[in-house]
Amino acid sequence: MRRILCLLLALCCLLPVFACAEKPLTLLTADTEEEVNQFVLLPTDSVELPAPEAGKIRFISLNRKDPAFREISWRSENYNLTIKRDAKGNTYVADFTNMHSRAVYSMALSYLGIDVTPVMISEIAGSRDVRAPFDAVTSKLDNVERVEPYSHHFDTMVHNYLTNTSYSPVFCEIRKPDGALHTVLIVGYIPSTRGFIICDPAAPKLNAEYLHSYKMAWHVMRQAVLSSAFYDEFYESEVVSVHQWRLVED
């Protein structure tokens, strides 16, 4: 009897330890840029990209000045998205402003462990000109599908992502006040402010640092951006579309 009482007392002493034990940090529980960046894969090789890892974001940069930029993301034997040709056949450096969606699609799939770089989108579709939401590409991939947008709106997609690892982070296309389109990937949630942390392939520079993730918040109806680390650029940007992909069984 005495031994049983001693054992119960010992268990009671351990209860606070179990109660206070923190959940392991994952991208789904990360709520600061620093925590999110622990799950963002950046290139360590001067040429190659890291292989995708499920549960992490393989960052794709379209900012040529960003140390994380790799041309291999954008060129192959059949397609070179870093250049264009004019009417006379002369080549010039391509403007990446219309390539945000490719990079975000690639990052969203990388979270699911699927390897599709921006130039592979053209390889798979057989065309240089491929537009979001890239159904022509997704339909040729194994065990993945785009979530039906009519039954899954912004908040539902975020909820799916945060509660089910078979769902990708949320692809969000916005139209800035100047009319330019911009696409970001929603990868983190901040419960204290109900804001989000996004990955931005544009890798904007702030205080001499190229940011691969930063905070962004939307109005309660999710129709426009309320605030971000780049307030003047994104305030009142209109949400144009949201997309999400999920793994499916054979």
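Shape verdict for the stretch 141-198, please, from the Cα gyration tensor: rounded (a/c under 1.5), prolate (a/b greater than b/c) or oblate. It is oblate, given that a/c is not under 1.5 and a/b is not larger than b/c. With the full set of protein chains in place, find how many percent of the accessible area of the chain is carbon and sulfur; take the probe as 1.4 Å. Carbon and sulfur: 54 percent of the exposed surface of the chain.
Modelled this way, with points 7 Å down the Cα-to-C-beta line, the labels at ARG75 and ALA87 are 2.7 nm from one another.
Please determine, in degrees from 0 to 90 and to the nearest 10, the orientation of helix 2-20 with respect to the longest principal axis defined by the Cα atoms of the chain, where the helix direction is its Cα long axis. That helix lies at roughly 30 degrees to the long axis. Projecting label points 7 angstrom from Cα along Cα→Cβ for ASP45 and ASN143 puts them 2.4 nm apart. In the set (i) 95, 41, 40; (ii) 70, 42, 35; (iii) 56, 40, 28, which value of Cα extents along the principal axes in Å was calculated from the structure you see? Recomputing Cα extents along the principal axes in Å here picks out (i). Put a dot 7 Å past the Cα of SER192, heading toward its Cβ, do the same for ASP178, and the two dots end up 3.3 nm apart. Across GLU209, GLU173, the residue with the most accessible area heads the list, and the full order at a 1.4 Å probe is GLU209, GLU173. With a cut-off of 9 Å between beta carbons, the residues surrounding GLU238 carry a summed charge of +1, where Lys and Arg count +1 and Asp and Glu -1. Checked against a 28 Å cut-off, the cross-linked pairs LYS176/LYS205; LYS140/LYS205; LYS23/LYS65 give Cα-Cα distances beyond that limit for LYS140/LYS205; LYS23/LYS65.
Only bridges with both residues in the stretch 174-250 count here: give the DSSP antiparallel percent, nearest 5. Walk me through the intermediate numbers first.
Details: 19 of 19 bridges.
DSSP beta bridges in the stretch 174-250 are roughly 100 percent antiparallel.
The values are calculated or read from the model by the stated rules, or taken from the named source; none is laboratory data. All of these numbers come straight from a predicted model, not from anything done at the bench. Don't worry about glycine lacking a Cβ; one is built from the backbone with ideal geometry, like all the others, and counts go over all protein chains shown. Calculation scope for accessible area: heavy atoms of the full protein, side chains included, ligands and nucleic acids excluded. Shrake-Rupley method; radii C 1.70, N 1.55, O 1.52, S 1.80 Å.
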